[in-house]
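Before any comments, here is the structure.
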Amino acid sequence: MNFQIRYINSIKIDESFLPEKPTWSVRSLLPSTSSKPIITQEEYKSLLNLSNLHSTSLEDSQLIQDINILCYFVKHIQEVDVSDIEPIRNLWADGVNLSLSEEKEEENNKQVNNKNQGRELLRRASLLHHEFYVVNKAEN
């Protein structure tokens, strides 16, 4: 095989067009130690209160750090330009793994689903905090 060293955008690639050396690191997707936290202690406490979860002060600092790392990572995903990408309608080819049902059943399902969505659920919630549901604490 006649193989030449090729460069794409000054990155050396092999015969399979793969970079010969790593071009980036996962660490570049993580926040630096000096970066400002995305979720504050107060916001974390508010989220715990809304979900009726409990944690110890030892867990708090680690969870806040983990949430901030995840939020920072998600920011990189949100920065990807997807303006010219068509949304996925489904993961399977049309007609594959789809249940074929009568139109009446579909209409009934839509009516049931509409009753169990969004503002309708808020109207039926027994306990609210601002515009959020409040979950009752689980008894052990």
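Residues checked against (1) loosely packed, with under 12 Cβ neighbours inside 10 Å; (2) in contact with an Asp or Glu (Cβ under 9 Å, 6 or more places away or on another chain):
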| site | (1), (2) |
| --- | --- |
| S16 | yes, no |
| P19 | no, no |
| W24 | yes, no |
| S32 | yes, no |
| L48 | no, yes |
| Q62 | yes, no |
| E86 | yes, no |
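Summed over region 48-86, residues that are modelled with pLDDT of 85 or more and assigned to a helix (DSSP H, G or I) total 24. Among the criteria (1) modelled with pLDDT of 85 or more; (2) part of a loop (DSSP other than H, G, I, E, B); (3) under 18 Å from the mean Cα position of the chain (by Cα), the one P31 does not fulfil is (1).
The values are calculated or read from the model by the stated rules, or taken from the named source; none is laboratory data. What you see is a predicted model; the values in this text were computed from it and never measured. Cβ sites come from the backbone with ideal geometry, for glycine too, and all protein chains shown count toward neighbours.
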